[in-house]
Amino acid sequence: MSTAENRISTPLLFYPPFADPTQPYISLPVLKGYLKKKGSDATVIDLNIQSLYYLMSKDFITTLSEKIKKRFRELNGKKFLIFTEQVEYKRLIDALYYLPIISAPGFNCVSIMKEKESFYNYKKYLTSACYFETLFECINALYFPYQFGFNRASHFVLPFSFDMLEHYCADDHSPLSHFYKERFKNIGEMNNVIAGISISFISQIPEALYLARFLKQIRPELFIVLGGSCIGQVIRNLSPDLRKRVFDFCDALCYAEGEETLAALALAAPKLKTLRQTGDGYKMFDSIPNLYVYNRRKEEIHSGPFVLHDLRGGCLPDYSDLDLDLYLAPERLLLYSPTRNCYWNKCSFCTYGFSFDEKNTYREVPARIAAGELQSLKEQYGADHFYLSCDVLAPKYAEKLARELISRKAGILWSGDFRLENYYTPEVCKILYASGLRSVAFGVESGSAHMLHVINKGISVEQIRQVNSHFHDTKIATQWMTFTYHPGETVDDAIETLSLIKEEADKIDLFITGEFQLVPGSRIAHSPKLYGITKIYFTEGDDLRLFPLFKGSTINASWTRREDIDDSIDWLAEKYALSHYPWAGAISTHHTFLFFCHYGQNVFKRFAKEKQNFFPPEGGKLNIKDRIRFALPVIEKNEQRFYTEFVRKAIAPGDNDYSLSERFLFMCNEKIKRIFPRKKSGFL
């Protein structure tokens, strides 16, 4: 094959913003590794980490500062502000105070995250993390009503509809529009035919579609494929009419595992180049697995057979296209997936990735091969830390893998998600520790025997205590994931969960207690009546079917008792230095694992007081002569009133389905529109 033909057949694979910047994600390196195994190749481009450096650049921050000041003056000069303008106005003023923080010439948050001495200095670490949070606060003020973060890209109230996504893809609604123009200014000179965009998390959807639209505008002949676990879930839940709307942004959708799909597309690349010109040849897609393609001329969708990837030959990811030193961590961590899907797969609430599809089965890379691939990754990329990125490890497999790592003297440190199985005796835990296991995350879910039965967790409260103790006593850090307000749960059930955490706190190194969220594709969603749910519905505007609401079963809690539960969670949280994704103190993050490895199990208890006594860097006053002409306390009161009313009337289940966007517009423009008196003082 000639060099030109190689370029045509080599897919460009993009990982879009906004996601974890501390480590490369595994999805695209796995696809590249498989293609190379088949004698082909792909080019992996991590736009998530590249875009972060753009957002931190001096030019971007200077432009951001100027635009924030300009927009503030525009709003400040108005005679009155409707509600959305009030919220934007308040955020712009906050941003004006934040700008000196992100513009400070002597502060380098990236070097703090990358150098061991500063990274493990907890105060410096928190200061650096605050910088990134502050940067996004400023970006969010300018790009209101959209909100961004490392796991966030959303409207400040409404779910993304297709109409909103179309609006977002218009010029300059993405904070990264200039970045894409600079990054791809030479893409017209490239011969690649296929561009794949991986959407693994909800927070990547807006930028992924923006990127797809942008690439199609500058390279109309590109065959653009959207894939990834998140887009797979979206596609399965869309109606046929709405599914067609996704094709306004792309040519094809990979709705399941992508190895065989991409391999077949790479072989078909020469035909894809002429497909759009002739309009013929769509029948070839009927044989390409796990793919939907829309024939616009005939208005029909072609789909290939469903195929599962065989893991028995291994799945070594190829990270060679990525600069691993860009990521925000002092030590490299790589993801590796030795299994796929869940061997238990019976829990009521769960649908992780593609696991709920009955055609899917739990599969394993043979332990001997997996251990060899982990060792190869360590040697090739200089990474000593690994996170086993899979739904859950089966107990016997975990032990086999551990024994293989020991026999090879692999010398790695690793973490992963485990079920609390009686198989994990003290002896087995010692083997796991000897292999390098230093941290596990358990899906405990509930401390109530009643709820463990309802959830179909397959474990007992005593089993939770005992197995967790076996791991903790072996010096393996334990992380608990729990939640409340599952359908059928009572206040007493929720209190039992919190009581269990309190009683076992000495042997719990990190925990989270969230609130139940109904997930499309879960067993509850498939059989709602079994859980007392009379109706599942979506608010108007939630075209992607990501946030289902339900009527019927609710927790038997008055607001007073609910506040008691929240207070108990807050009390427990004070004993730990908890944080949110992707920082140290959040469940199963790269930084959390590094802190466990460096300081030991109790690190987030040791740093609890230091976290509580930490005060973020203060901003300063900018030299702006304009008065603050609208009363900020009144705006804050209106915003609080809005959220109270909006949540109560528009989101909580009621007698009728709600048109979320219509009610939102009504409340913004009629309910709390207000003219504020101009102030005579209040200079910035």
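Counting residues that are crowded, with 24+ Cβ neighbours inside 10 Å and of a type in the set (Val, Ile, Thr), which strands (runs of 3 or more DSSP E) fully inside the range 189-262 reach at least 2? Step through it out loud before you land on a result.
Values: elements: 194-198, 223-227, 252-254.
Counting at least 2 such residues, we get 194-198.
Assuming residue 217 fulfils every condition listed in (1) under 22 Å from residue 19 (Cβ atoms); (2) free of Cβ contacts under 8 Å to residues at least 12 places away in the same chain apart from one, which condition is it?
For residue 217, the failing item is (1).
If a residue has to be surrounded by 18 or more Cβ atoms within 10 Å (Cβ to Cβ) and among the polar types (S, T, N, Q) to count, how many in the range 287-319 make the cut?
Going through the range 287-319 one residue at a time, the tally reaches 1.
Suppose we keep only residues that are part of a helix (DSSP H, G or I) and among the aromatic types (Phe, Trp, Tyr) within the range 93-109. Which one would you say is farthest from residue 126 (Cα to Cα)? Please lay out each step first, then the result.
Here is the first cut: in the range 93-109, the residues part of a helix (DSSP H, G or I) are 93-102, 109.
Filter once more, so that each one left must be among the aromatic types (Phe, Trp, Tyr): 97-98.
Values: 97: 19, 98: 16 Å.
Among them, the one singled out is 97.
Can you find a residue that is over 30 Å from residue 368 (Cβ atoms), of a type in the set (Val, Ile, Thr) and assigned to a strand (DSSP E or B) anywhere in the range 290-312? It would help to see each step written out before you state the result.
Residues of the range 290-312 over 30 Å from residue 368 (Cβ atoms): 291-305.
After this cut, where a residue has to be of a type in the set (Val, Ile, Thr) as well, the list is 293, 301.
With assigned to a strand (DSSP E or B) added as a condition, the list becomes 293, 301.
Looking through the range 290-312, at least one residue is over 30 Å from residue 368 (Cβ atoms), of a type in the set (Val, Ile, Thr) and assigned to a strand (DSSP E or B).
Within the range 669-683, is even one residue under 30 Å from residue 127 (Cβ atoms) and modelled with pLDDT under 65? Lay out the reasoning, then the answer.
First, the residues of the range 669-683 that are under 30 Å from residue 127 (Cβ atoms): 682-683.
Then keep just the ones that are modelled with pLDDT under 65; that gives 682-683.
Checking the range 669-683: at least one residue is under 30 Å from residue 127 (Cβ atoms) and modelled with pLDDT under 65.
Can you name the residue in the range 195-249 that is of a type in the set (Val, Ile, Thr) and touching a Phe, Trp or Tyr at 6+ places or on another chain (Cβ under 7 Å) and is also nearest to residue 295 (Cα to Cα) among such residues?
Kept after step one, since they are of a type in the set (Val, Ile, Thr), are these residues of the range 195-249: 197, 199, 202, 205, 218, 224-225, 231, 234-235, 246.
Next cut, touching a Phe, Trp or Tyr at 6+ places or on another chain (Cβ under 7 Å) only: 197, 205, 218, 235.
Values: 197: 20, 205: 23, 218: 21, 235: 17 Å.
Residue satisfying both the conditions and the ranking: 235.
Where the second residue is in a strand (DSSP E or B) and the first is touching a residue at least 12 places away in the same chain (Cβ under 8 Å) and lies in the range 33-45, which pairs have Cβ atoms under 6 Å and are six or more apart or on separate chains?
Hits for this filter: 42/13; 43/12; 44/13; 45/14.
Quick check on the range 78-106: of everything there that is β-branched (Val, Ile, Thr) and under 18 Å from residue 57 (Cα atoms), which residue is surrounded by the most Cβ atoms within 10 Å (Cβ to Cβ)?
Let us first name the residues in the range 78-106 that are β-branched (Val, Ile, Thr), namely 82, 84, 87, 93, 101-102.
Retained after the next criterion (residues that are under 18 Å from residue 57 (Cα atoms)): 101-102.
Working: 101: 20, 102: 24.
Checking each candidate, the answer is 102.
With the requirement that a residue be farther than 19 Å from residue 93 by Cα and either in contact with a Ser or Thr (Cβ under 8 Å, 6 or more places away or on another chain) or assigned to a loop (DSSP other than H, G, I, E, B) (or both), what does the range 129-164 give you? Spell out the reasoning first.
Restricting attention to the range 129-164, the residues satisfying the condition of being farther than 19 Å from residue 93 by Cα are 129, 149-155, 157-164.
Selection gives 129, 149, 150, 151, 152, 153, 154, 157, 158, 159, 160, 161.
Can you confirm whether residue 94 is among the acidic types (Asp, Glu) and closer than 30 Å to residue 269 by Cα?
no
With the structure loaded, tell me whether residue 539 is outside any strand (DSSP E or B) and either within 30 Å of residue 163 (Cα to Cα) or in contact with a Lys or Arg (Cβ under 9 Å, 6 or more places away or on another chain) (or both) or whether it fails that test. Reasoning before the result, please.
Working: outside any strand (DSSP E or B): yes; either within 30 Å of residue 163 (Cα to Cα) or in contact with a Lys or Arg (Cβ under 9 Å, 6 or more places away or on another chain) (or both): yes.
So residue 539 fits the description; yes.
Check residue 534 against each of (1) β-branched (Val, Ile, Thr); (2) assigned to a helix (DSSP H, G or I); (3) modelled with pLDDT of 85 or more and name the one condition it does not meet.
Single failed check for residue 534: (2).
Scan the range 263-286 for residues that are outside any helix (DSSP H, G or I), over 27 Å from residue 166 (Cα atoms) and modelled with pLDDT under 85 and jot them down.
The initial filter retains those residues of the range 263-286 that are outside any helix (DSSP H, G or I), namely 268, 279-281.
Narrowing the set further to residues that are over 27 Å from residue 166 (Cα atoms) leaves 268, 280-281.
Listed by number, the residues that qualify are 280, 281.
Quick check on this structure: which one of 70, 90, 123 is within 30 Å of residue 597 (Cβ to Cβ) and outside any loop (DSSP other than H, G, I, E, B)?
On the way: 70 fails: within 30 Å of residue 597 (Cβ to Cβ); 90 fails: within 30 Å of residue 597 (Cβ to Cβ).
When all the criteria are applied, what remains is 123.
Please go through (1) under 27 Å from residue 99 (Cα atoms); (2) crowded, with 21+ Cβ neighbours inside 10 Å; (3) among the aliphatic types (A, V, I, L, M) for residue 28 and return the number of the only condition it doesn't satisfy.
(1)
Name every residue in the range 505-533 that is within 20 Å of residue 604 (Cβ to Cβ) and touching a residue at least 40 places away in the same chain (Cβ under 8 Å), in order of residue number.
Step one: filter the range 505-533 for residues within 20 Å of residue 604 (Cβ to Cβ), giving 505-514.
Of everything in the range 505-533, those that are within 20 Å of residue 604 (Cβ to Cβ) and touching a residue at least 40 places away in the same chain (Cβ under 8 Å) turn out to be 505, 508, 509, 510, 511, 512, 513.
In the range 395-440, how many are assigned to a loop (DSSP other than H, G, I, E, B) and without any contact (Cβ under 8 Å) to a residue 24 or more places away in the chain?
The number of residues fulfilling the criteria is 1.
Restricting attention to the range 483-512, report how many residues are of a type in the set (S, T, N, Q) and closer than 23 Å to residue 551 by Cα. Don't jump to the end; show me each part of the working.
We begin by selecting, within the range 483-512, every residue of a type in the set (S, T, N, Q); these are 484, 490, 497, 499.
Going one step further and asking which of them are closer than 23 Å to residue 551 by Cα, we end up with 484, 490.
Residues that pass the stated criteria total 2.
Among the residues of the range 537-558 satisfying the criterion of being of a type outside the set (Val, Ile, Thr) and under 19 Å from residue 514 (Cβ atoms), which is modelled with the lowest pLDDT? Before the answer, list the steps.
Here is the first cut: in the range 537-558, the ones of a type outside the set (Val, Ile, Thr) are 537-538, 540-553, 556-558.
Then drop every residue that is not under 19 Å from residue 514 (Cβ atoms), which leaves 546-550, 553, 557.
Working: 546: 89, 547: 87, 548: 88, 549: 83, 550: 85, 553: 61, 557: 48.
If we take residues in the range 537-558 being of a type outside the set (Val, Ile, Thr) and under 19 Å from residue 514 (Cβ atoms), then 557 is modelled with the lowest pLDDT.
Tell me which residues, restricted to the range 469-480, are within 20 Å of residue 514 (Cα to Cα) and either surrounded by fewer than 22 Cβ atoms within 10 Å (Cβ to Cβ) or among the aromatic types (Phe, Trp, Tyr) (or both). Give the steps one after another, and end with the answer.
Let us first name the residues in the range 469-480 that are within 20 Å of residue 514 (Cα to Cα), namely 478-480.
Answer for the range 469-480, where residues must be within 20 Å of residue 514 (Cα to Cα) and either surrounded by fewer than 22 Cβ atoms within 10 Å (Cβ to Cβ) or among the aromatic types (Phe, Trp, Tyr) (or both): just 480.
Starting from the range 587-603, take each residue that is more than 14 Å from residue 151 (Cβ to Cβ) and list its partners that are aromatic (Phe, Trp, Tyr) and crowded, with 19+ Cβ neighbours inside 10 Å, counting only C-beta distances under 6 angstrom and pairs at least six apart or across chains.
Once the first residue is more than 14 Å from residue 151 (Cβ to Cβ) and sits in the range 587-603, its partners that are aromatic (Phe, Trp, Tyr) and crowded, with 19+ Cβ neighbours inside 10 Å give 603/595.
Whether any residue in the range 213-221 is farther than 22 Å from residue 153 by Cα and among the β-branched types (Val, Ile, Thr) is what I want to check.
yes
Can you tell me which residue is farthest from residue 530 (Cα to Cα) among those in the range 349-389 that are modelled with pLDDT under 95 and among the aromatic types (Phe, Trp, Tyr)?
Once the filter is applied, the top-ranked residue is 362.
Of the residues 471, 511, only one is at pLDDT 95 or above, farther than 30 Å from residue 166 by Cβ and in a strand (DSSP E or B); which?
The conditions single out 511.
So if I check each of 142, 176, which one is modelled with pLDDT of 95 or more, of a type outside the set (Val, Ile, Thr), within 28 Å of residue 542 (Cβ to Cβ) and over 21 Å from the mean Cα position of the chain (by Cα)? Steps first, answer last, please.
Values: 176 fails: over 21 Å from the mean Cα position of the chain (by Cα).
One residue alone meets the criteria, 142.
If the requirement is being surrounded by fewer than 18 Cβ atoms within 10 Å (Cβ to Cβ) and under 25 Å from residue 24 (Cβ atoms), which of these qualifies: 326, 322, 335?
Values: 322 fails: surrounded by fewer than 18 Cβ atoms within 10 Å (Cβ to Cβ); 335 fails: surrounded by fewer than 18 Cβ atoms within 10 Å (Cβ to Cβ).
Step by step, each of 326, 322, 335 is checked, and only 326 is surrounded by fewer than 18 Cβ atoms within 10 Å (Cβ to Cβ) and under 25 Å from residue 24 (Cβ atoms).
The values are calculated or read from the model by the stated rules, or taken from the named source; none is laboratory data. Quick caveat, the model's predicted, so the values are computed rather than measured. Backbone-built Cβ (ideal geometry, glycine too); neighbour counts: all protein chains shown.
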